[in-house]
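The structure is given below, and queries will be raised subsequently.
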Amino acid sequence: MENQLFLDPMVHPDTILESALGKNYALFAIFKQKISEQNLVLEWNYYRDTKSWLCKVLNKKKNLCWLSVWNTGFKLTFYFPSKIIDDVFSLDIDGNIKQAVKETKPVGKSQPVILLIKNKKIMNDGFTIMEFKKSLK
């Protein structure tokens, strides 16, 4: 069963991510390097309502997606207005991602796109979705 890791609020996540992610840390390190190369920022905050650390992936002040750490790896969660979700389906990303989005319930007027990053292909699809989100006004 998949569980979100509830990290100690007194310890910044960077100090324990390698331990928390285990074998998935190498993929996270590649992700973090690509984020840096694109001049994006990872902003970690502890959220009391979820009792967990969450990370915003920011392009200047624009939140592109949320990053969360789970016992199965790390996830990227994007939110798009339901009216433009068809544009996400037109992206060159894995068909399994598109199918999962169709099966995910909307959150208010937004449609979540959730990726469990478990290989470079899915990570690259995440960057494709980020580029699309950056292009939105």
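With a point put 7 Å past each Cα toward its Cβ, work out how far Lys32 is from Glu18 in nm, to one decimal.
The two pseudo-label positions are separated by 0.9 nm.
Counting only helical runs of four or more DSSP H residues, what would the 222 nm mean residue ellipticity of the chain come to if each run contributes -39,500 (n - 2.57) and the total is spread over all its residues?
Using -39500 (n - 2.57) per qualifying helix, the result is -10000 deg cm²/dmol.
Also: How much length would be gained if the chain were fully extended between Lys62 and Asp49, taking 0.36 nm per residue of separation minus their Cα-Cα distance, in nm to one decimal?
2.5 nm
Order of 36-48, 115-127 by packing, highest average Cβ count within 10 Å first?
So the order, starting with the most tightly packed, is 115-127, 36-48.
Here's another thing I want to ask about it. With +1 on the Cβ of every Lys and Arg and -1 on the Cβ of every Asp and Glu, and nothing else charged, how large is the dipole of the range 13-135 about its Cα centre, in debye rounded to the nearest 20?
For this selection, approximately 240 debye.
Please provide three numbers in whole Å: the alpha-carbon extents of the range 13-135 along the principal axes, with the largest listed first.
Principal-axis extents of the Cα atoms in the range 13-135, largest first: 40, 32, 28 Å.
Per-residue counts of other Cβ atoms within 10 Å, averaged by peptide: what ranking do you get for 57-63, 25-31, highest first?
Ranking, from highest mean packing down: 25-31, 57-63.
In percent, how large is the relative contact order of the range 41-136, given Cα pairs closer than 8 Å and 6 or more residues apart?
After rounding, I find 23 percent.
If you don't mind, another one. Amide H of Ser52 versus every other amide H placed in the peptide plane: which residues, excluding those fewer than 5 positions away on the same chain, fall under 5 Å?
Tyr47
Taken together, the values in this text are just the output of simple stated rules run on the coordinates, not laboratory data. The structure displayed is predicted, hence computed values, not measured ones. Reconstructed Cβ throughout: ideal geometry from the backbone, glycine too, with neighbour counts over all protein chains shown.
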